[in-house]
1. Can you tell me how many residues within the range 75-95 are assigned to a loop (DSSP other than H, G, I, E, B), out of contact with any His (no Cβ under 9 Å at 6 or more places or on another chain) and surrounded by 11 or more Cβ atoms within 10 Å (Cβ to Cβ)?
2. Does GLY159 meet the test of being modelled with pLDDT of 90 or more, loosely packed, with under 15 Cβ neighbours inside 10 Å and within 26 Å of the chain's Cα centre (by Cα)?
3. Quick test of your reading of the structure: TRP109 fulfils all but one of (1) within 12 Å of the chain's Cα centre (by Cα); (2) more than 26 Å from PRO163 (Cβ to Cβ); (3) among the hydrophobic types (A, V, I, L, M, F, W, C); (4) surrounded by fewer than 16 Cβ atoms within 10 Å (Cβ to Cβ). Name the failing condition by number.
4. Criterion first (touching a His at 6+ places or on another chain (Cβ under 6 Å) and under 30 Å from SER30 (Cα atoms)) does SER121 satisfy it?
Amino acid sequence: MTGENDLLKMRKPHLTLARLLLVVAAGHGSPPVLVEHPADVLVARDLPATLRCEARADPRPTITWVKDGVVVTTAPSDPNSHRVLLPAGHLFFLRAVRGKRDDDRGTYWCKASNSEGEVTSRKATLDIGVLRGEFPEEPLDTWVARREEVELPCTLPEGHPPPRVSWRKDGTTLNITDKVRSMRIRCPTSAI
């Protein structure tokens, strides 16, 4: 039996070398595994934002970001870009841009790849919030006589996404739905 194996090795030494290389290669590398997927982000216009993505593998994976099906360019490979690929793989926006020429709003995902394989993350949305104008009407400090009512108006500006209102009294948030655009308060008899 041993003689036949030795004879086979002599006739086809490249097969033995190929098996050896296959064993060595399979024992040292691992395909990428995502340990952090990107999550939806809402950011105000022109403020910084980060979409997170992190992968582990051997050899270390290369992270690529995609927006709406197109590969995202980042600094320093694009010196005009306001986006930076951080060492861990996160996509950092120096300022979130919303305009006709350039718009960061969209659906993003990351890909991690190395010689052992590739993996794609879940998709996440980057949205940019905007308020158009100031509050047309807002509550003012008001004095009220005992047992009287006072109305505190609040008219919201337009915006994207639609703004929500919350009411606070003495620093504590009141449990009221955001549909309430004005508040009637009755001053109790014990209050001064």
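The values are calculated or read from the model by the stated rules, or taken from the named source; none is laboratory data. The shown structure was predicted, so the numbers you read here are calculated from the model rather than taken from an experiment. For neighbour counting, all protein chains shown are included, and Cβ atoms are generated from backbone atoms with ideal geometry for every residue, glycine included.
1. Looking only at the range 75-95, we keep the residues that are assigned to a loop (DSSP other than H, G, I, E, B), and these are 76-82, 86-90, 94-95.
Now drop any that are not out of contact with any His (no Cβ under 9 Å at 6 or more places or on another chain), which leaves 76-82, 86-90.
Next, only the ones that are surrounded by 11 or more Cβ atoms within 10 Å (Cβ to Cβ) stay: 78, 81-82, 86, 88-90.
Residues in the range 75-95 being assigned to a loop (DSSP other than H, G, I, E, B), out of contact with any His (no Cβ under 9 Å at 6 or more places or on another chain) and surrounded by 11 or more Cβ atoms within 10 Å (Cβ to Cβ): 7 in total.
2. Working: modelled with pLDDT of 90 or more: no; loosely packed, with under 15 Cβ neighbours inside 10 Å: yes; within 26 Å of the chain's Cα centre (by Cα): yes.
In short, no.
3. Unmet condition: (4).
4. yes
Rundown of residues vs (1) part of a strand (DSSP E or B); (2) out of contact with any Gly (no Cβ under 9 Å at 6 or more places or on another chain); (3) in contact (Cβ under 8 Å) with a residue 12 or more places away in the chain, yes/no style:
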{"residue": "THR50", "(1), (2), (3)": "yes, yes, yes"}
{"residue": "THR73", "(1), (2), (3)": "no, yes, no"}
{"residue": "ARG101", "(1), (2), (3)": "no, yes, no"}
{"residue": "THR125", "(1), (2), (3)": "yes, no, yes"}
